[in-house]
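Everything on this sheet refers to the single structure shown next.
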Amino acid sequence: MPQADLVLLHAPSVYDFRKESILYGPVSDLVPSTPVFEMYPIGLTTIAEYLERHELRVRIVNLAVRMLNSDRFDPEKFIQGLRPAAFGIDLHWMPHAHGAIEVARLCKKLHPGIPVMLGGFSATYFHEELIRRPEVDFVVRGDSTEVPVLQLMQHLTHRPDAPALGEIPNLTWREPDGTVHVNELTYSPENLDHLLIDYSYVVRAVARYRDLAGSVPFKGWLGYPITAALSVRGCTHNCKTCGGSATAFSDLHNRRRPAYRAPETLAQDIRNIARFSRGPVFILGDIRQPGEEYADRFLRAIEGYEGPVIIELFDRADRGFIRRVARAMPNWTLEVSLESHSDEVRAAFGRPYRTAPIEDTMRYALEAGVRRLDVFFMIGLPKQDYASVMGTVDYCEHLMRDLDQGSSRRLIPFISPLAPFLDPGSPVFEHPERYGYRLSARTLEEHRRALVQPSWKYVLNYETEWMNRDQIVDSTYEAGLRLNRLKAAYGLADPAQAQRTEARILRARRLIAQVDDIMSMGDAGQRAKLLRAIKPQVDQANLSTVCEKSELTVPLRGFALNLPRAAGIFLRHILSPSPSQGEGRGEGRSRRANSPQDRTSSE
Ligand code: SF4
């Protein structure tokens, strides 16, 4: 099997999750991942593809999925068998603060001579803390790291004309004597047109490394291959707890304005993905952010696309826009985040719309034939107390009863806690008192330790003026119970599914009380023993809590993957395995050759 120049490893949230007894709670109920957060960031594929285009071999290994799939999979033995020129580990969001560091430690222990680099939003925020750790040699900062990583790899593989370490933008590094250098963060491309985002890299990697499980973005992806199309890195909004907000991008990544993908290229990305996948394509970023003209150009370019597409709106929309979307992409799902029924709470969080106009937007979407309308609410917001959370659940009933009056039940509300962490770099993380928050973890090390606490109540890195951690947990379970019953009453969940969800929530509630009892004991040894004893129940309760994963899925017709097409890519790769001859390069090459630039997922 060929050795890669760079192995990109995606760690589980908590490295030894198979041994630890941790009640994760509903932290990942509303995303495709399990609580191990095994879904790797889209940036891993853009980095891999970009480097391969420059004659370097890159292998992505989703260690988290491999560990989830088999108790027998031994990550240590697996890493021992790798011999790349460098290891790269993503630390994008803070739930990976434990796993990413432990995997870095493992790489360094097994291969002391191979450099280890970290990257991602959280790595950027904590780069100075990271570079002081002996297992980390480099931190590549910024929201777009394809070019700095390429330069670093050219340096490490001794390519002719490779830059010296001091010349590589966005790099934090350490000399052998321990001297730390923080190079300026000057690489912040103005658009995303140099990237190729069609996932053909993943199919090629499966062929090259014969490693299907290690290449897939998350567990279950082959059955439900949802993919992301990236319209933007950056955001024009400033939601108060978001690490992908405009101020966070400016402070952390030196980004003055969002970088957009050209609208015609975005449409082509979606069509390219559809060559091998019949799964939904989620367009990250509101297509109106760059302005009406961008949205119009995109909708003209995607006109007639029949596959399932999910779009998100960051603000209300008028009827004309909604109709244009429905005409261009008839198989569409809309996601809106209301956060709360209360205008006051929503405004305090930073959402720019009031209830009446966003309800109009939802009405227009239902009128225009949207396939699904997912409406998201959150717990743990500024100015939100326990009663306000229950008011939001009552409001969900109003939405199901009064807005979605057809028989098809397309409007589906969801509620979940802001957990486990507030994002570093977000306005609230930077100024907690200003927004009524109290933080219990500030450093990377504090977050790393918090992640191995025995229940999500102890993992949370915040409380608010309006709710302490007990109330955040209680209101989450109570809201989950009430909403589940409402969904059953309005035909959104069949009785058996609603019963399962109710049983899960009640079990999770009992377990969290049990963990509290155990934690109140003075004897640490006894605590550890009792936590181990309840691990089977905890693992069972971790599967999902307040809703089932199936509630989030868009129904697919036929096979989820276009197998003949995927096999074609696979076979072509086997017959011509050079990194420069892969699928999806023809059209992309000329596009990229004309422009430099880059990336990041926001929401
Ligand atoms: S990325 Fe989403 S949550 Fe974050 S600031 Fe923008 S709109 Fe708000």
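Given in Å, the Rg to one decimal and the Dmax to the nearest whole number for the Cα atoms of segment 436-512 are 15.7, 46. Each of 173, 93 has some number of other Cβ atoms within 10 Å of its Cβ, and from fewest to most they run 93, 173.
Entry note, segment 198-252: relative contact order of 17 percent, from Cα contacts under 8 Å with a spacing of 6+ residues. Selection among 526, 214, 313 by position relative to the dipole of the chain gives 214 as farthest towards the positive end (Cβ unit charges, Cα centre).
Could you work out the relative contact order of segment 270-366, using alpha carbon pairs under 8 angstrom and six or more residues apart, expressed as a whole percent? Intermediate values should be presented prior to the final figure.
On the way: 118 pairs, mean separation 25.4, N = 97.
The normalised contact order for segment 270-366 reaches 26 percent.
In this structure the amide hydrogen of residue 191, modeled in the peptide plane, comes within under 5 Å of the amide hydrogens of 598, none closer than 5 places in sequence on its chain. In Å, the Kirkwood hydrodynamic radius of segment 42-135 over pairs of distinct alpha carbons? When all Cα pairs of segment 42-135 are included, the Kirkwood radius is 14.2 Å. Ranked by how many other Cβ atoms sit within 10 Å of their own Cβ, fewest first, the residues 179, 553 fall in the order 179, 553. For segment 218-231, the Karplus equation 6.51 cos²θ - 1.76 cosθ + 1.60, evaluated at θ = phi - 60°, returns couplings of 7, 4, x, 5, 5, x, 9, x, 6, 10, 10, 10, 9, 8 Hz by residue, with Gly and Pro reported as x. Could you please report the charge total around residue 368, scoring K, R as +1 and D, E as -1 over all other residues with beta-carbon less than 14 angstrom from its beta-carbon? My count for the surroundings of residue 368 gives +4.
The three principal axes of the Cα atoms in segment 391-489 give end-to-end lengths of 51, 30, 21 Å, sorted in falling order.
Once backbone amide H atoms are built at 1.01 Å from N, residue 8 has 59, 60, 61, 88 as its partners under 5 Å, excluding neighbours fewer than 5 places away on the same chain. Backbone geometry of segment 87-99 corresponds, through the Karplus equation with coefficients 6.51, -1.76 and 1.60 at θ = phi - 60°, to 3J(HN,Hα) couplings of 9, x, 10, 7, 10, 8, 10, 5, x, 9, 4, 7, x Hz, x marking Gly and Pro.
Note down the relative contact order for the chain as a percent, whole number, built from C-alpha pairs under 8 angstrom at least six residues apart. Could you put the intermediate results ahead of the total?
Working: 1192 pairs, mean separation 117.4, N = 603.
The normalised contact order for the chain reaches 19 percent.
How would segment 224-288 be classified by its alpha-carbon gyration tensor: rounded, prolate or oblate, with rounded meaning a/c under 1.5 and the a/b versus b/c comparison settling the rest? Prolate. Computed from point charges on the beta carbon alone (+1 for Lys and Arg, -1 for Asp and Glu), the dipole magnitude for segment 78-214 about its Cα centre is near 700 Debye. The orientation-averaged projected area of the convex hull spanned by the Cα atoms of segment 63-216 comes to 10.1 nm². Among 394, 211, a tally of other beta-carbon atoms within 10 Å of each Cβ gives an order, fewest to most, of 394, 211. Rg/Rh, computed from the Cα trace of the chain with Rh as the Kirkwood radius, has the value 0.94.
Considering only DSSP beta bridges where both residues belong to the chain, give the percentage that are antiparallel (nearest 5). Walk me through the intermediate numbers first.
Working: 12 of 54 bridges.
Approximately 20 percent, going by the DSSP bridge assignments.
Net charge in the neighbourhood of residue 436 (other residues with Cβ under 13 Å of its Cβ; Lys, Arg +1, Asp, Glu -1) is -1. Considering only 467, 299, 396, the residue lying farthest towards the positive end of the dipole of the chain is 299, judged by Cα position with unit charges set on Cβ.
Taking a Cβ cut-off of under 11 Å around residue 135, the surrounding Lys, Arg, Asp and Glu residues balance to a net charge of +3, with basic ones at +1 and acidic ones at -1.
Whole-percent P(r), segment 307-351, all Cα pairs, 10 Å bins from 0: 24, 43, 25, 8. Each Lys and Arg Cβ is given +1 and each Asp and Glu Cβ -1; about its Cα centre, segment 91-139 then shows a dipole of about 140 debye.
Throughout, read-outs are computed from the coordinates displayed, never taken from laboratory work. These numbers come from a predicted model, not from an experiment. A quick note on method: Cβ atoms are made from the backbone with ideal geometry, for glycine too, and the neighbour counts reach across all protein chains shown.
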